[in-house]
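The values are calculated or read from the model by the stated rules, or taken from the named source; none is laboratory data. Nothing here was measured: the structure is a model prediction, and the numbers come from that model. Using ideal geometry, Cβ is built from the backbone for each residue, glycine included, and neighbour counts are taken over all protein chains shown. Heads up: the accessible areas ignore ligands, DNA and RNA and are worked out on the full protein's heavy atoms, side chains in. Shrake-Rupley method; radii C 1.70, N 1.55, O 1.52, S 1.80 Å.
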Amino acid sequence: MPVLEVRNIRKTFGKTEVLKGIDFMLEKGGALSIIGSSGSGKTTLLRCLNFLERPDAGVITVNGETLLDCSKPSTMSESQIRKKRLHFGLVFQSFNLFPQYTALENVMLAPVLLSKENHVKNFDRSALKSEAEELFASIGLSDRMKNYPHQLSGGQQQRVAIARALIMHPDILCFDEPTSALDPELTGEVLKVIRGLSEKNTTMIIVTHEMEFARDVASHVIFMDSGVICEQGNPQEVFNHPKEERTKQFLSRYSNS
Amino acid sequence: MQTFIEQLPVVIGALNVGFLQTLKLFAVTLLGAFPLGLIIAFGTLSKIRAISLITQFIIWIIRGTPLMIQLLIVYYFPGLVLHNPIWGGGEQGRFTAAAIAFVINYACYFSEIYRGGIQSVPIGQTEAGLVLGMTRRQIFFHVTLLQMIKRIVPPISNEIITLVKDTALARIIALQEIIWAGQAFMKGSHGISGAIWPLFFTAFYYLVFNGIVTVLLAKFERKLDYFR
Ligand SMILES: Nc1ncnc2c1ncn2[C@@H]1O[C@H](COP(=O)(O)OP(=O)(O)O)[C@@H](O)[C@H]1O
Ligand SMILES: [Mg+2]
């Protein structure tokens, strides 16, 4: 059974139809890369999965549980959505760390608040802290935990943002162009962390323009164009033997760079 | 004729009483206008168009007319128009009327600053909180509020320093604040008349008060310097 099943997601902003019926599946431990030109709807798709946008139609199923079914409005109340969105994590292009908290506090804040919301008795703060410290070790920032975001480089901030998402133990971790806001020399350190996650079989969806990286890490690739999935398959098929003309055109723009 | 040395304690005593009233008006205005301003700010940001338009209209009226007129209207309207002099004739009634006019006026100025502060916090902060499963309430108090405060401290500080001097406007409804107390010695009070020097002392009170307020606000602003 797939971890994630997305069926017929549609989203319209005003008069523009941005997603025109998206269907795909993701196996546990798989890494799905989504590629496609700017404006094709990749961000909107991730935002729908994370309930930042409400699709107009479609069904999202995680581990066999229907999280969202647009034909059943009862699945879309605010408090329900808050629990459901924890199945997903999202790493933003612009990091969005909380500036008034240290890197460590950024990572620990959401679990602490969640335990308060759920009235957890004897919440084990020290266990949470050691888990956070382990995460910092895994992203290579053990010596930066006490720093505020503005004291960190973009690459370091993005790695903290990844740790902040990981501590919530999402079933599926989504990345929206995680290196697009970074200077070229800083993309490597972030990609290395994501690569490490894929080696540990973290289930991920990665929207990226780093084609080489997508080919290496992905178990499955989707090429999106104008709100539809134009082509999908394993990285070999999509990158080396694209069938669709639009895929070939898109890839040719990256091949000589 | 008393000597200056004999007059001085009398004048200082009277000015202190007046200054206490000034200080009280200052404090009550801030205590009332800080929260009321936030409510008005949420009003202008309301998704319900009628609420947003009505609050914007009120802000336009209050910011578009002199505080002095608002003081006069709040104080005299109930007695002269409604024939119901709810404030009574005493100092307490004058203070209440002045406080109401000041709170409403400053709340409207604060609300516009708050609104700017709320809107200046990037939407990505809220979205990051949502994605991590925080409630809207938690996001407001634990994520956006402090960032908003940091951004509004400089403009709010300006308003607070203006308020120190604006309290003198309450003189128009004969509130016995410090300028009223100083001026009394020109007309004649406590056996002293025709003396202008108490007014210079009055000015000195304002300078010291404003100096203290400025230093405290700068200190607070520096406290929030640790993040960007
Ligand atoms: N909130 C919005 N309101 C209106 N149009 C939007 C909104 N968000 C995205 N769009 C439009 O949807 C299209 C797809 O955007 P997006 O999902 O960001 O694409 P991508 O991430 O692939 O670049 C674009 O044309 C964009 O202008
Ligand atoms: Mg995008």
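Round to the nearest 0.05 the FRET efficiency obtained for B:A50 and B:R222 when R0 = 45 Å and r is the Cβ-Cβ distance. List each step's numbers first, then the result.
Details: r = 42 Å, r/R0 = 0.94.
Step by step, r from the Cβ atoms, then E = 0.60.
When ligands, DNA and RNA are left out and all protein chains stay put, how many square angstrom of accessible area per residue does segment B:4-227 have with a 1.4 Å probe? Walk me through the numbers on the way to the answer.
Values: 11450 Å² over 224 residues.
With all protein chains present, segment B:4-227 gives 51 Å² per residue.
State which entries of A:K20/A:K84; A:K83/B:K47; A:K84/B:K223 exceed 27 angstrom in Cα-Cα distance in the structure shown. Mind showing how you got there, number by number?
On the way: A:K20/A:K84 24 Å; A:K83/B:K47 25 Å; A:K84/B:K223 38 Å.
Distance filter (> 27 Å) returns A:K84/B:K223.
Can you list residues from other chains, or at least 5 along the same chain, whose modelled amide H is less than 5 Å from the amide H of A:V91?
For A:V91, the qualifying residues are A:C174, A:F175, A:D176.
Can you check what the net charge comes to around A:R159, using other residues whose Cβ is under 11 Å from the Cβ of A:R159 (Lys, Arg +1; Asp, Glu -1)?
Working: positive: A:R144, A:R164, A:K192; negative: A:E189.
Net local charge, A:R159 excluded: +2.
Once the Cβ-Cβ distance between A:Q249 and A:S71 is put in as r, and R0 is 51 Å, what FRET efficiency do you end up with, to the nearest 0.05? Intermediate values should be presented prior to the final figure.
Working: r = 36 Å, r/R0 = 0.71.
Calculated value: 0.90.
With every protein chain kept in the model, how would you rank A:E53, A:E244 by accessible area, 1.4 Å probe, largest at the top? Don't jump to the answer; show the numbers that get you there.
On the way: A:E53 35, A:E244 75 Å².
Listed by decreasing accessible area, they come as A:E244, A:E53.
Taking the Cβ of B:T144 as the center, what net charge do the other residues with Cβ under 12 Å away carry, scoring Lys and Arg +1 and Asp and Glu -1? Mind showing how you got there, number by number?
Working: positive: B:R136, B:R137, B:K150, B:R151; negative: B:E127.
Summing Lys/Arg as +1 and Asp/Glu as -1 gives +3.
Determine the distance separating the Cα centre of segment B:103-156 from the Cα centre of segment A:1-30; give it in Å without decimals.
34 Å
Between 0 and 90 degrees, rounded to the nearest ten: what's the tilt of helix B:4-44 against the longest Cα principal axis of chain B?
That works out to roughly 20 degrees.
When only the heavy atoms of the protein chains count and the probe is 1.4 Å, how do A:H87, A:H119 rank by accessible area, highest first? Kindly include the intermediate steps, with their values, before the conclusion.
Numbers: A:H87 45, A:H119 145 Å².
The residues order as A:H119, A:H87, largest area first.
Is the shape of segment B:4-227 rounded, prolate or oblate, going by the alpha carbon gyration tensor and its root eigenvalues a ≥ b ≥ c, with a/c under 1.5 for rounded and a/b larger than b/c for prolate? Write down the numbers at each step before the final one.
On the way: a/c = 3.46, a/b = 1.70, b/c = 2.03.
Oblate, because a/c is 1.5 or more while a/b does not exceed b/c.
Apply the Karplus curve 6.51 cos²θ - 1.76 cosθ + 1.60, θ = phi - 60°, to the phi angles in segment B:138-143 and return the couplings in whole Hz, x for Gly and Pro.
Whole-Hz 3J(HN,Hα) from phi for segment B:138-143: 4, 4, 4, 7, 9, 10.
Ignoring any ligand, DNA or RNA, what whole percent of the accessible area of segment A:4-256 comes from carbon and sulfur when the probe is 1.4 angstrom? Don't jump to the answer; show the numbers that get you there.
Working: 5240 of 11270 Å².
Carbon and sulfur together cover 46 percent of it.
With an 8 Å Cα cut-off and a minimum separation of 6 or more residues, compute the relative contact order for segment A:4-256 in percent. Each step should come with its number before you reach the end.
Details: 435 pairs, mean separation 68.2, N = 253.
Answer for segment A:4-256 is 27 percent.
Length gain on complete extension for the stretch B:I86 to B:L31, per 0.36 nm per residue less the alpha carbon to alpha carbon distance?
On the way: separation 55, 0.36 × 55 = 19.80 nm, distance 2.30 nm.
Extending this stretch completely gives an extra 17.5 nm.
Pull up all non-local amide H partners of A:L67: gap of 5 or more, or a different chain, and H-to-H distance under 5 Å with H placed in the peptide plane.
Amide H neighbours of A:L67, under 5 Å, 5+ apart: A:I60, A:T61, A:V62.
Calculate the length of the line joining the C-alpha centroid of segment B:170-201 to that of segment A:186-246, in whole Å.
With segment B:170-201 and segment A:186-246 each reduced to a Cα centre, they are spaced 80 Å.
Please compute the modelled spin-label separation between B:I73 and A:R54, points set 7 Å along Cα→Cβ, answer in nm with one decimal.
Each label point lies 7 Å from its Cα, and together they span 4.1 nm.
Counting only C-alpha contacts under 8 Å and six or more residues apart, can you give the relative contact order of chain B as a whole percent?
Working: 220 pairs, mean separation 61.8, N = 228.
That works out to 27 percent.
For segment A:7-22, what does the Karplus curve 6.51 cos²θ - 1.76 cosθ + 1.60, with θ = phi - 60°, yield as ³J(HN,Hα) per residue in whole Hz, taken in order and with x for Gly and Pro?
Couplings: 10, 6, 6, 10, 8, 10, 9, x, 9, 8, 8, 8, 10, 10, x, 9 Hz.
Given a 1.4 Å probe and the protein chains all in place, what does the accessible area of A:M76 round to, in Å² to the nearest 10?
30 Å²
Tell me, what HN-Hα J-couplings in whole Hz come from the Karplus equation 6.51 cos²θ - 1.76 cosθ + 1.60 at θ = phi - 60° for each residue of segment A:158-167, using x for Gly and Pro?
Values per residue, Gly and Pro as x: 5, 5, 5, 4, 5, 4, 4, 6, 5, 5 Hz.
Relative contact order of segment B:1-98, please, whole-number percent, based on alpha carbon pairs below 8 angstrom and at least 6 residues apart.
Details: 33 pairs, mean separation 15.5, N = 98.
Normalised by residue count, the contact order of segment B:1-98 is 16 percent.
Simple spin-label model, 7 Å along Cα-to-Cβ: B:V17 to A:H150 in nm?
5.0 nm
How long is the gain from B:F4 to B:L207 if the chain were fully straight, where each residue apart is worth 0.36 nm and the alpha carbon distance is subtracted?
Values: separation 203, 0.36 × 203 = 73.08 nm, distance 2.26 nm.
70.8 nm is the gain from fully extending B:F4 to B:L207.
What FRET efficiency comes out for A:S180 versus A:N201 if R0 is 22 angstrom and r is the Cβ-Cβ distance? Round to the nearest 0.05. Display every interim value, and only then the final one.
On the way: r = 25 Å, r/R0 = 1.16.
For A:S180 and A:N201, the calculated efficiency is 0.30.
Give me the percent of the accessible area of chain B that comes from carbon and sulfur atoms, probe 1.4 Å, all protein chains in place.
Working: 8490 of 12000 Å².
The computed percentage sits at 71.
So how exposed is A:E131, as accessible area in Å² (1.4 Å probe, rounded to 10)?
For A:E131, solvent-accessible area is about 60 Å².
Using a 1.4 angstrom probe on protein heavy atoms only, which residues from segment B:114-149 are buried by at least 40 Å² of accessible area when all chains are present rather than their own chain alone?
B:Q125, B:E127, B:A128, B:L130, B:V131, B:L132, B:G133, B:M134, B:T135, B:Q138, B:H142
Take every DSSP beta bridge with both residues inside chain A and express the antiparallel ones as a percent of the total, to the nearest 5. Walk me through the numbers before you get to the answer.
Numbers: 22 of 38 bridges.
Just about 60 percent of them are antiparallel.
Just the number, please: buried accessible area between B and A, total of both chains, 1.4 angstrom probe, nearest 100 square angstrom. Could the numbers behind the result be given before it?
Numbers: alone 13140 and 12650 Å², together 23580 Å².
In total, this chain pair buries about 2200 Å².
B:W180: accessible area at probe 1.4 Å, nearest 10 Å²?
Solvent-accessible area, nearest 10 Å²: 90 Å².
Net charge around A:E237, counting only other residues with Cβ within less than 14 Å of its Cβ (Lys, Arg = +1; Asp, Glu = -1)? Can you show the working numbers first?
Details: positive: A:R215, A:K243, A:K248; negative: A:E231, A:E244.
Spelling it out: positives minus negatives among the neighbours equals +1.
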